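The values are calculated or read from the model by the stated rules, or taken from the named source; none is laboratory data. Since this is a predicted model, take the numbers as computed values, not measurements. Using ideal geometry, Cβ is built from the backbone for each residue, glycine included, and neighbour counts are taken over all protein chains shown. Quick note on the areas: whole protein, heavy atoms, side chains included, nothing else; ligands and nucleic acids left out. Shrake-Rupley method; radii C 1.70, N 1.55, O 1.52, S 1.80 Å.
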Amino acid sequence: MAKKEETPLRRARRNYEVRNKTEREQATKQYNTRLPRELHDEICAFLKKNRITKVELIVAGYQALLDHYGPNKQQDKQ
């Protein structure tokens, strides 16, 4: 497979990525997980229908778990 042509825009983007890689890695993290296809499709359809982003889903789920377990219960486990 041939590489794409080197253009000034591609060169500028690559330089930006190299300069800011460490900063971006420290600022954000990613969850890599796998779901069964049916569950994934169901979740994606729900999110699309309700105009919810995946980030909003994660934050809302985390908040619901905090509400369920509470900060005191979290300390009890340690």
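A few points about this structure:
- Phi angles across region 44-50 convert, under the Karplus curve 6.51 cos²θ - 1.76 cosθ + 1.60 with θ = phi - 60°, into 3J(HN,Hα) values of 4, 5, 4, 4, 5, 4, 9 Hz, Gly and Pro given as x.
- Look at the dipole of the chain built from charges on Cβ: of N15, P36, I58, the Cα furthest out on the positive end belongs to N15.
- Å² per residue, accessible surface of the chain at 1.4 Å: 107
- Assigned charges on the beta-carbon of Lys, Arg, Asp, Glu; the chain dipole about Cα centre (debye): 480
- In this label model, R19 and E42 are separated by 4.7 nm, measuring between points 7 Å along each Cα→Cβ vector.
- Counting protein heavy atoms only, the chain has 54 percent of its accessible area on carbon and sulfur, 1.4 angstrom probe.
- For the chain, fraction of C-alpha pairs farther apart than 19 Å, in %: 67
- Of the trypsin sites (Lys or Arg not before Pro) in the chain, those whose Cβ has at most 10 other Cβ within 10 Å and which sit in DSSP loop: K3, K4, K29, R34, R51, K77
- When H68, H40 are compared by accessible area of protein heavy atoms, the largest-first order is H68, H40, using a 1.4 Å probe.
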